[in-house]
Ligand code: SF4
């Protein structure tokens with residue numbers, strides 16, 4: 001018996017969304033630039049994607065469920081007009097169901113004309129804002145926070161879109177890095193805590209805004225800098241105007257999990273190399289939690305760099321213990337409970353000849369439910385591994401995330417109510433160690449004050465008053 005699912009079916013955190021924006025003084029086939037930028041951001045969302053193109057008179061868009069190359073082929077891209085502004089989005093649903101009406105960019109016609117918006121993040125006061133807008137006769141076609149953002153921006157756009165953005169942002173609570181296009185402007189906004197990443201660069205006389213630098217690299221753009229927390233950049237084709245959201249916060253709260261897992265290793269976020277931080281996490285694990293073994297391996301793909309760091313410091317050879325099927329994606333048919341074993345094995349298989357008779361140190365970036373880790377450990381033992389020592393390049397995930405990550409609730413986090421030893425016992429490995437919060441901060445050469453560490457210590461940048469809001473939203477999707 002099989003169930004078709006739109007969610008990634010495995011036991012891991014899931015990426016949130018990725019955004020791209022381009023503005024050019026000249027009109028050209030700008031959708032192609034957006035396409036390649038989105039392609040580089042595919043890891044941030046695999047459920048749906050879309051591109052909107054503007055040419056001063058009209059905005060046209062196309063969005064659909066699926067990966068970027070599934071949704072856009074050259075014939076599809078040619079249906080979008082030439083233009084001088086484009087935005088794009090890849091989505092993994094955190095609020096609102098995974099369905100076409102919730103795909104982005106959001107297109108709307110407001111006081112300032114035709115607009116489109118693409119958002120990475122999650123507002124925690126969506127319900128309150130939506131209820132207030134509905135009370136003022138606002139109507140909604142989707143259940144996502146991004147549409148609420150669009151309506152609120154429109155509400156306050158009395159004299160200009162920029163005015164609307166600056167005023168609306170005072171009411172947004174949560175994480176948001178978004179791009180907004182009007183007939184003649186591209187606007188890039190990052191929330192006051194800088195929870196989700198956003199950066200910009202140039203390609204000749206064009207400006208490009210992207211969730212990660214890897215998209216700028218893919219487009220051959222020159223990195224200029226990260227968008228600062230609370231900053232609003234307004235590009236009009238000839239230059240940039242800089243504004244700040246009038247909502248002071250005490251500290252930054254960049255999501256530290258971007259470095260651990262979400263971002264691509266070739267990206268740099270807020271001046272920190274994702275690759276370097278992952279390598280350092282492995283080095284620290286080796287120094288702090290050594291064990292005698294024959295082979296160090298990483299769970300592909302995100303823990304491979306940390307495994308190399310562990311090997312470098314420990315002197316224990318690095319090798320592959322597992323291979324990953326790269327084609328397991330959104331349309332994978334997930335087996336029901338009795339066939340879960342199959343699901344893991346289809347995604348991941350053991351390199352028997354590399355592990356048989358050996359003591360293995362396996363590095364992973366995080367443990368969510370623990371069921372996958374348990375199965376991987378058993379698969380390694382079945383393949384003849386003598387010992388399996390698990391090292392995790394982040395602290396125990398004890399709390400849900402409300403800022404754009406599809407984390408399970410407390411009951412589904414194996415670390416929520418268990419000690420390290422109890423988790424080890426459940427997973428069945430010979431030893432288990434996690435990084436501490438301080439050690440994780442060492443990997444990004446910072447103390448705790450610049451980062452959100454909410455999923456480890458329960459301290460979020462905002463007080464999350466309505467932790468049931470996710471359930472409320474799910475009702476809207478029924
Ligand atoms: S709670 Fe965790 S995953 Fe969510 S923003 Fe904070 S550090 Fe990132």
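The values are calculated or read from the model by the stated rules, or taken from the named source; none is laboratory data. Note that this is a predicted model, so its numbers are computed, not measured. Virtual Cβ from ideal backbone geometry, glycine too; neighbours counted across all protein chains shown.
Odds and ends about this structure:
So that you can scan it fast, the table gives a plain yes or no per residue for (1) within 24 Å of the chain's Cα centre (by Cα); (2) surrounded by fewer than 24 Cβ atoms within 10 Å (Cβ to Cβ); (3) more than 16 Å from the ligand (Cβ to nearest atom); (4) touching a residue at least 12 places away in the same chain (Cβ under 8 Å):
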| site | (1), (2), (3), (4) |
| --- | --- |
| 142 | yes, yes, yes, yes |
| 149 | yes, no, yes, yes |
| 168 | yes, yes, yes, yes |
| 173 | yes, yes, no, yes |
| 179 | yes, no, yes, yes |
| 187 | yes, no, yes, yes |
| 198 | yes, no, no, yes |
| 203 | no, yes, yes, yes |
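- Taking residues in region 451-462 that are at positive phi, and partners anywhere that are more than 6 Å from the ligand (Cβ to nearest atom), the pairs with Cβ atoms closer than 6 Å and at least 6 places apart or on different chains are 458/399.
Yes/no per residue for (1) in contact with a helix residue (DSSP H, G or I) (Cβ under 7 Å, 6 or more places away or on another chain); (2) away from the ligand (no atom under 16 Å from the Cβ); (3) farther than 14 Å from residue 197 by Cβ:
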{"site": "212", "(1), (2), (3)": "no, no, no"}
{"site": "225", "(1), (2), (3)": "no, yes, no"}
{"site": "254", "(1), (2), (3)": "yes, no, no"}
{"site": "282", "(1), (2), (3)": "yes, yes, yes"}
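- Failed condition for residue 298, given (1) under 29 Å from residue 25 (Cα atoms); (2) more than 16 Å from the ligand (Cβ to nearest atom); (3) touching a helix residue (DSSP H, G or I) at 6+ places or on another chain (Cβ under 6 Å): (1)
- Checked against (1) at pLDDT 95 or above; (2) away from the ligand (no atom under 16 Å from the Cβ); (3) not in a helix (DSSP H, G or I), residue 394 meets all criteria but (2).
- Considering region 329-388, the residues that are farther than 14 Å from residue 293 by Cβ, at pLDDT 90 or above and part of a strand (DSSP E or B) include one that is nearest to the chain's Cα centre (by Cα), namely 364.
Conditions tested, residue by residue: (1) away from the ligand (no atom under 15 Å from the Cβ); (2) more than 20 Å from residue 250 (Cβ to Cβ); (3) at pLDDT 90 or above.
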{"residue": "435", "(1), (2), (3)": "no, yes, yes"}
{"residue": "443", "(1), (2), (3)": "no, yes, yes"}
{"residue": "446", "(1), (2), (3)": "no, no, no"}
{"residue": "451", "(1), (2), (3)": "no, no, yes"}
{"residue": "459", "(1), (2), (3)": "no, no, yes"}
{"residue": "463", "(1), (2), (3)": "no, no, no"}
{"residue": "470", "(1), (2), (3)": "no, yes, no"}
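- Test: residue 402 is within 16 Å of the ligand (Cβ to nearest atom), surrounded by 22 or more Cβ atoms within 10 Å (Cβ to Cβ) and in the same structural domain as residue 288 (by TED's automatic domain parsing): yes
- Within region 410-423, the only residue that satisfies the criterion of being free of Cβ contacts under 8 Å to residues at least 12 places away in the same chain and either outside the structural domain of residue 391 (by TED's automatic domain parsing) or within 16 Å of the ligand (Cβ to nearest atom) (or both) is 410.
- Cβ-Cβ contacts under 6 Å between residues 6 or more apart (or on different chains), taken from a first residue in region 293-304 that is in the same structural domain as residue 356 (by TED's automatic domain parsing) to a second residue that is assigned to a loop (DSSP other than H, G, I, E, B) and crowded, with 24+ Cβ neighbours inside 10 Å, are listed as 297/321; 302/365; 303/365.
- Selection of region 405-422 for residues being at pLDDT 90 or above and buried (at least 21 other Cβ atoms within 10 Å of the Cβ) yields 413, 414, 415.
- All positions within region 275-293 that are in contact with a strand residue (DSSP E or B) (Cβ under 7 Å, 6 or more places away or on another chain), surrounded by 17 or more Cβ atoms within 10 Å (Cβ to Cβ) and farther than 9 Å from residue 310 by Cα: 289, 293
- Yes/no for residue 267 being out of contact with any strand residue (DSSP E or B) (no Cβ under 7 Å at 6 or more places or on another chain), within 16 Å of the ligand (Cβ to nearest atom) and assigned by TED's automatic domain parsing to the domain that holds residue 443: no
- Test: residue in region 137-146 that is in the same structural domain as residue 18 (by TED's automatic domain parsing) and part of a helix (DSSP H, G or I): yes
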